[in-house]
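For reference, the structure is listed below as structure tokens.
The values are calculated or read from the model by the stated rules, or taken from the named source; none is laboratory data. Since the structure is predicted, the reported quantities are computational estimates derived from the model, not experimental observations. All Cβ positions, even for glycine, are placed from backbone atoms using ideal geometry, and neighbour counts span all protein chains on display.
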Amino acid sequence: IDCLITDREKESKTILLEYLRDIISNNEIELLCANHFSERNVFFDDLQNGLNLRCASIYQQGIMWVSNIRDKKTGEKRKLNSARTEAKLRSRDRKIQKHFNDELEVKEIKSLDEIKYFIDKASAVAKESYHNGLQVGIEQNDYWEKMLNSFVSNKFLQAFLLLNNGTPLAYAQGVVFKDSYYGFSTSHISKYNKLSLGIFLHRKVNEILISQKINYVHFGYGDAAYKKMFATHSHEEGIFRIYSCTTKARFISDIDFISNYTNRKINSVLLKTGFLDKAKKMWRTHLEKNKK
């Protein structure tokens, strides 16, 4: 399950929860997996409590970083970094511009006619990124084309390309709802890692969003360093796995518990010793070298 939708009425929530409890209790399913539910979701507490069933449940905690980029009252750009950090970022921006002979362009995708063009350019970037190894980047297929077309048709899409004389270097894609931008997918070509093109594009996108009166940027799932750099606050989110009481489900839930517990302990040790970021970089480097 990626979402649960109700009309916000208490009775509707009760009916939906009873249905989920019934299909688990009656062993119609052996595992209910609810992906990336925010602590602000009305179902969060129920899922965290395993729907109050006597069977096993696993909670995998995550975090969602959010950046308040624009002051609601004044409409002015908010300061996200110290003066020293901002000066370093501007200096880096100038170096990037110089590296590409001041021929960089941020192209915003606005119409249905541009979707195939965007997918073509963005998928080319994704293939040259570690995201390709994770299979999370934009690809040339019906899934992405239908989804992005739907976003454009409903006036939700926000998509950007960083181009150098027409050659794509990075992209960012998300949706806008009310005064918030929700990031879906972003990537840059790995051979330019030292230039930090992703951060460069993020800053440019923020400027465009501020001009469009967008107040918040939601970074999506994951705990990347750049998200912490630009975020103003965060909230908890998580993945929930709720098992039935069959013998098979009990056995798998025990393995799941041990695996999840071990993973948390390893991450905790790596974080305390300062090796977590190094491990992530080594992992990304491995994916980049072995990309298809």
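Check the range 170-185 and report whether any residue there is in contact with a helix residue (DSSP H, G or I) (Cβ under 6 Å, 6 or more places away or on another chain) and either modelled with pLDDT under 95 or more than 21 Å from Ser150 (Cβ to Cβ) (or both).
Taking the range 170-185 as the starting set, the residues that turn out to be in contact with a helix residue (DSSP H, G or I) (Cβ under 6 Å, 6 or more places away or on another chain) are 170-172, 175, 181.
If we keep only those that are either modelled with pLDDT under 95 or more than 21 Å from Ser150 (Cβ to Cβ) (or both) too, we end up with 170.
Yes: the range 170-185 contains one or more residues that are in contact with a helix residue (DSSP H, G or I) (Cβ under 6 Å, 6 or more places away or on another chain) and either modelled with pLDDT under 95 or more than 21 Å from Ser150 (Cβ to Cβ) (or both).
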- prompt: Under 6 Å by Cβ, and 6 or more places apart or on different chains, what pairs join a residue from the range 1-15 that is at negative phi and touching a residue at least 24 places away in the same chain (Cβ under 8 Å) with one that is in a loop (DSSP other than H, G, I, E, B) and of a type in the set (A, V, I, L, M, F, W, C)?
  reply: Leu4/Phe43
message: Whether any residue in the range 184-199 is within 16 Å of the chain's Cα centre (by Cα), in contact (Cβ under 8 Å) with a residue 60 or more places away in the chain, closer than 26 Å to Glu76 by Cβ and surrounded by 15 or more Cβ atoms within 10 Å (Cβ to Cβ) is what I want to check.
response: yes
task: Tell me, yes or no, whether the range 241-259 has at least one residue that is modelled with pLDDT of 95 or more and within 24 Å of the chain's Cα centre (by Cα).
output: yes
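Condition check ((1) more than 16 Å from Gly238 (Cβ to Cβ); (2) of a type in the set (S, T, N, Q)) across all residues:
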| residue | (1), (2) |
| --- | --- |
| Asp7 | yes, no |
| Asp22 | yes, no |
| Asn49 | no, yes |
| Gly75 | yes, no |
| Asn81 | yes, yes |
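The rows are residues; the columns are (1) of a type outside the set (Gly, Ala, Ser); (2) loosely packed, with under 15 Cβ neighbours inside 10 Å; (3) more than 30 Å from Lys228 (Cα to Cα); (4) modelled with pLDDT of 95 or more.
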| residue | (1), (2), (3), (4) |
| --- | --- |
| Ile1 | yes, yes, no, no |
| Asp22 | yes, yes, yes, yes |
| Glu30 | yes, no, yes, yes |
| His36 | yes, no, no, no |
| Ala87 | no, yes, no, yes |
| Arg90 | yes, yes, no, yes |
| Asp93 | yes, no, no, yes |
field: Residue that is farthest from Asp2 (Cα to Cα) [pool: residues in the range 30-51 that are part of a loop (DSSP other than H, G, I, E, B) and touching a Leu at 6+ places or on another chain (Cβ under 9 Å)]
entry: Val42
query: Any idea which of Cys3, Cys55 is assigned to a loop (DSSP other than H, G, I, E, B), under 22 Å from the mean Cα position of the chain (by Cα), within 28 Å of Asn260 (Cβ to Cβ) and of a type in the set (A, V, I, L, M, F, W, C)?
result: Cys3
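Scan the range 26-53 residue by residue and report those that are of a type outside the set (D, E, K, R), at negative phi and touching a Lys or Arg at 6+ places or on another chain (Cβ under 9 Å).
If we filter the range 26-53 for residues that are of a type outside the set (D, E, K, R), which is where we start, we get 26-27, 29, 31-38, 41-44, 47-53.
This time we only want the ones that are at negative phi, so: 26, 29, 31-35, 37-38, 41-44, 47-49, 53.
Leu31, Leu32, Cys33, Ala34, Val42, Phe43, Leu53 - these are the residues of the range 26-53 that are of a type outside the set (D, E, K, R), at negative phi and touching a Lys or Arg at 6+ places or on another chain (Cβ under 9 Å).
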